[in-house]
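Reviewing the structure listed below.
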Amino acid sequence: MKTIAAAEAPSKAIITGEHFVVHGSTALAAALSRRVRATVSPAADLVVTSDRVPLRNREALLPVRRVVAAMASELAFSPRIRVDISSNIPRGAGMGSSASTMVAVAAALAKFQGIELGRPDLVRFAMEGEREIHGNPSGIDVNVCAYGGVVLFRMGGSPRQVRLTSPVRLIIAYSGRRRSTRTMIDRVSDTKERHPGLFKAMADSIGELSLEAAERLSSGDLAGLGRLLTLNHAVLESVGASNKRLDALVETLLSLGCSGAKLTGAGGGGSVIGVAPEKKGKSIISELAARGFEAFEEQLPVEGVRSWLE
């Protein structure tokens, strides 16, 4: 019987600190339960398929091939394999679809080859694909997809796990519009070039806000966490990461009773996260659905990548 290896990696939401994390600030992020699944099986040559990408669009799968090539070169094995990818993460939703894919592929390939890789190595190989897509990403997405849970992250460092005293629920609402992460990073970087002093002050403040948000999350002070999220959204709006649709979705969540809400991820589209009062999550999601928004409630923490043989 031919061996097949499989792995699943979670999606993610950045709770505070996106964009500024690329410029050295601390960010807070959490793994989400929507996942990418990757399987690896023997083949005569390297074949990569995805349920999101037509077979004729080979360029879209180049980042996965880059991960495979980097692992094959460093770990000395032949990349004659088939990689099949499936996902239930909305593309362009700010939920780390690409990072989840790269982490799942790296974990499945390591399992297929019988090589034990720690999460730092999975992150390192996954970053090969992320750089192909995003240029110079901070690494927060692949770290939270690999480690799971809730993490504090600063570019160039290792993630710090945030322990929760009890499970926490967040609302994730998709705006219905995709966006380019690289385009949004460039837009925010332009703000930094025009107002370097102001931008540094905001980055330093957002780093402190992320640490405070981690404390509120850990202690279960969700009302306090919500207020910090709304403040962070206002800062992101000021540097060009938001738009009218995201601002309106944040306003909607607040009007429905959330203690706070903000865009999550690169902005310009994608998703918004909100902190709902206990037992009001389902009613808020129903109201959002009635207004045409796809939304779901997520319970934290969520485990990171896992792999197995089939």
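The values are calculated or read from the model by the stated rules, or taken from the named source; none is laboratory data. Because the structure is a prediction, the values reported are computed rather than measured. Ideal geometry is used to build each Cβ from the backbone, glycine not excepted, and the neighbour counts take in all protein chains shown.
Structure data summary
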quantity	calculated
Some residue of segment 48-59 being among the acidic types (D, E), at pLDDT below 95, assigned by TED's automatic domain parsing to the domain that holds T16 and not in a strand (DSSP E or B)	yes
Those residues of segment 81-96 which are closer than 16 Å to T49 by Cβ and either surrounded by 24 or more Cβ atoms within 10 Å (Cβ to Cβ) or of a type outside the set (D, E, K, R) (or both), in sequence order	I81, V83, I85, S86, S87
Criterion violated by V40 - all others in (1) surrounded by fewer than 16 Cβ atoms within 10 Å (Cβ to Cβ); (2) modelled with pLDDT of 95 or more; (3) not in a helix (DSSP H, G or I) satisfied	(1)
For A276: the one exception among (1) small (G, A, S); (2) surrounded by fewer than 23 Cβ atoms within 10 Å (Cβ to Cβ); (3) touching a residue at least 40 places away in the same chain (Cβ under 8 Å); (4) more than 26 Å from K192 (Cα to Cα)	(2)
Residue ID - nearest to the chain's Cα centre (by Cα), chosen from residues in segment 35-49 that are charged (D, E, K, R) and over 17 Å from I140 (Cα atoms)	R37
Residue selected from segment 60-81 under the condition of a type outside the set (D, E, K, R), part of a helix (DSSP H, G or I) and over 24 Å from the mean Cα position of the chain (by Cα), by the criterion farthest from E130 (Cα to Cα)	L75
Candidates L217, L211, filtered to the one that is surrounded by 22 or more Cβ atoms within 10 Å (Cβ to Cβ) and modelled with pLDDT of 90 or more	L217
Subset of segment 158-181 [buried (at least 21 other Cβ atoms within 10 Å of the Cβ), touching a Phe, Trp or Tyr at 6+ places or on another chain (Cβ under 8 Å) and closer than 23 Å to H23 by Cβ]	P159
Of all residues making up segment 261-281, the number that are closer than 18 Å to P167 by Cα and either under 23 Å from the mean Cα position of the chain (by Cα) or modelled with pLDDT of 95 or more (or both)	5
Residue selected from segment 1-21 under the condition aliphatic (A, V, I, L, M) and outside any loop (DSSP other than H, G, I, E, B), by the criterion nearest to P137 (Cα to Cα)	V21
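Yes or no, residue by residue, for (1) touching a residue at least 24 places away in the same chain (Cβ under 8 Å); (2) surrounded by fewer than 17 Cβ atoms within 10 Å (Cβ to Cβ); (3) closer than 25 Å to P90 by Cβ; (4) assigned by TED's automatic domain parsing to the domain that holds I285:
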site	(1), (2), (3), (4)
Y147	yes, no, yes, no
F153	yes, no, yes, no
G156	no, yes, no, no
T183	yes, yes, yes, yes
A201	no, yes, no, yes
D221	no, yes, no, yes
L229	yes, no, yes, yes
H233	yes, no, yes, yes
D247	no, yes, yes, yes
